[in-house]
Amino acid sequence: MRIEEIIKSNVTLSDSKKIILNVMYTHNVIGDKFSEILKPHDLSSEQYNVLRILRGQKGLPANMCVIQERMITKNSNTTRLIDKLLLKDLVTREVCPDNRRKIEVQITQKGLDLLNYLDPMVVEHENYFSSNLDPEEVVQLNNLLEKYRQLK
């Protein structure tokens, strides 16, 4: 369905406006479906992102700056996210022994187990949204989106 039909626009939209609306609308569709996967586990997409970042540390702790740099949603309140994950026993947080101003965060076994459980559902979600594209279109779409973000 065309974006004009989705938003029931009565005016002619410029191609530039349609791109913005399409990207925003698609982001919401993908996010809503992803939230359905996470909701039964009382997890937000930002909390999930933190867990994925910590799993990528392969057992090493990450400080708050490292986590923030790697977040997809850059305006996330990392401290609040870590606090919520702590309450669920999905991460640990400790003061760095070498620098008391630094906080180190690690994923727990419970956090790893949750990610391992979610992994097949996340892969299915990712594959679902590219299932109507052929492999060349997937590459092309990725290239175009990356190019679109590279404004100078």
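The values are calculated or read from the model by the stated rules, or taken from the named source; none is laboratory data. It should be emphasised that the depicted structure is a prediction, and the values quoted were computed from it without experimental measurement. Cβ atoms come from the backbone with ideal geometry, glycine included; neighbour counts cover every protein chain shown. Heavy atoms of the whole protein, side chains included, go into the accessibility calculation; ligands, DNA and RNA do not. Shrake-Rupley method; radii C 1.70, N 1.55, O 1.52, S 1.80 Å.
Working only with C-alpha atoms, what are the Rg and Dmax values of region 105-152, expressed in angstrom?
Here Rg and the maximum Cα pair distance are 16.0, 43 Å.
For region 42-84, what's the radius of gyration and Dmax over Cα atoms, in angstrom?
For region 42-84, the Cα radius of gyration and maximum Cα-Cα distance read 9.5, 26 Å.
Evaluate the Debye formula for region 63-152 with equal point scatterers sitting on the alpha carbons, no solvent, and hand back log10 of I(q)/I(0) at q = 0.14 Å⁻¹, in q order, two decimals.
-0.77
With an 8 Å Cα cut-off and a minimum separation of 6 or more residues, compute the relative contact order for region 58-152 in percent.
22
If each residue of separation counts as 0.36 nm, what is the full-extension length gain between Arg55 and Asp42 once their alpha-carbon separation is subtracted?
Net length gain for the segment: 2.8 nm.
Under a GNM of the chain (C-alpha, springs under 10 Å), which listed residue has the highest mean-square fluctuation: Thr12, Thr79, Thr108?
Thr12
With the radius of gyration and the Kirkwood radius both derived from the Cα set of region 1-86, what is their ratio Rg to Rh?
Here Rg/Rh amounts to 1.13.
In region 1-52, which GluC sites (Glu not before Pro) fall in coil by DSSP and have 15 or fewer other Cβ atoms within 10 Å?
none
Whose amide H sits under 5 Å from the amide H of Thr108, counting only residues 5 or more places off or on another chain, with H placed in the peptide plane?
Those qualifying (amide H under 5 Å, at least 5 residues apart or on another chain) are Val91, Thr92.
Which whole-number value in Å² is the accessible area per residue of the chain, probe 1.4 Å?
73
Among the aspartates and glutamates, which fall within straight-line cross-link reach of Lys147, defined as a Cα-Cα distance under 17 Å, with same-chain neighbours fewer than 8 residues apart omitted?
Here the aspartates and glutamates satisfying the reach criterion relative to Lys147 are Asp15, Glu136, Glu137.
Taking R0 as 25 Å, what's the FRET efficiency between Lys17 and Asn142 from their Cβ-Cβ distance, rounded to 0.05?
0.65
Per the Kirkwood treatment, what hydrodynamic radius in Å, one decimal, follows for the chain from the mean inverse distance over all distinct Cα pairs?
18.0
Could you sort Met1, Met24, Met71, Met121 by their accessible area in this structure, using a 1.4 Å probe and putting the largest first?
Met1, Met24, Met121, Met71
Which of the trypsin sites (Lys or Arg not before Pro) found in region 1-107 are loop residues per DSSP with 10 or fewer other Cβ atoms within 10 Å of their Cβ?
Of the trypsin sites (Lys or Arg not before Pro), the ones in loops of region 1-107 whose Cβ has at most 10 other Cβ atoms within 10 Å are Arg2, Lys8, Lys58, Lys74, Arg100, Arg101.
Got a sec to turn the phi values of region 8-13 into Karplus ³J(HN,Hα) couplings, 6.51 cos²θ - 1.76 cosθ + 1.60 with θ = phi - 60°, whole Hz, x for Gly and Pro?
6, 7, 9, 10, 6, 9
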